[in-house]
Amino acid sequence: SGRGGLEGGALRNAADSPGETTNESPLARRLVSANSAAQPMSRTLLIVEDNDLFRGMLRSLLEMRGYHVVVARNGPEGLALAAAQPFDGALTDIEMPEMDGYEFCRQVRAQQQALGIDLPVWIMSGVFRPALAKKAAAAGAVLVLRKPFPIEDVCATIEQEFAKRASESPPAPDAGTE
């Protein structure tokens, strides 16, 4: 499940064409570098990963880039954390004991949608197959992140999704108008 480092993988849009065989998705090619991307605005991310080493490295790297990170070792633990506190997004491994990443994605999205929250979930995997992307999209995932991956690409992907969601949201009502 959570083997591999954080460098050199590919990002895959969960809705990308199942016939795509390149190492990069169209979304990954459009990503801006982390150097030109805006710094995260104290976003809180949930990482659900059973591999202690990978979970710790990912947490440290994201925290060094300004994110607040909470970690869970498995799906049930992640669901409990998501029920207890708000998160801006979640990253989950696919292959984990007790509950796989697809089921975690389905359940946490349903849990959050019941609260009126559209929680973005990114699924992480050491392999990429077209069927995996389809299954991830069906579970509600935003993107499949192929391990190992450059942390700058992950940060840019996360921020791009938040920017997209912010631009799609209706403007907040002005407090001074009726």
> For Val154, which of the numbered conditions (1) modelled with pLDDT of 90 or more; (2) within 21 Å of Met99 (Cα to Cα) fails to hold?
Replying inline: (2)
> So which of Ala166, Ala110, Ala133, Ala83 ends up being buried (at least 23 other Cβ atoms within 10 Å of the Cβ) and more than 13 Å from the chain's Cα centre (by Cα)?
Replying inline: Ala133
>> Checking Arg73 against (1) in contact with an Asp or Glu (Cβ under 7 Å, 6 or more places away or on another chain); (2) of a type in the set (D, E, K, R); (3) without any contact (Cβ under 8 Å) to a residue 12 or more places away in the chain: exactly one of these is not met. Which one?
In response: (3)
>> Looking only at the range 88-111, count every residue that is under 15 Å from Val142 (Cα atoms) and touching a residue at least 12 places away in the same chain (Cβ under 8 Å) and tell me the total.
In response: 16
> How about the range 113-123: which of its residues are open to solvent by 20 Å² or more (accessible area, probe 1.4 Å) and free of Cβ contacts under 8 Å to residues at least 40 places away in the same chain?
Replying inline: Gln113, Ala114, Leu115, Gly116, Ile117
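The values are calculated or read from the model by the stated rules, or taken from the named source; none is laboratory data. Bear in mind that the values here come from a model prediction, so they are computed numbers and not experimental data. Note: ideal-geometry Cβ built from the backbone for every residue, glycine included; neighbour counts use all protein chains shown. For accessibility, only protein heavy atoms count, side chains too; no ligands or nucleic acids. Shrake-Rupley method; radii C 1.70, N 1.55, O 1.52, S 1.80 Å.
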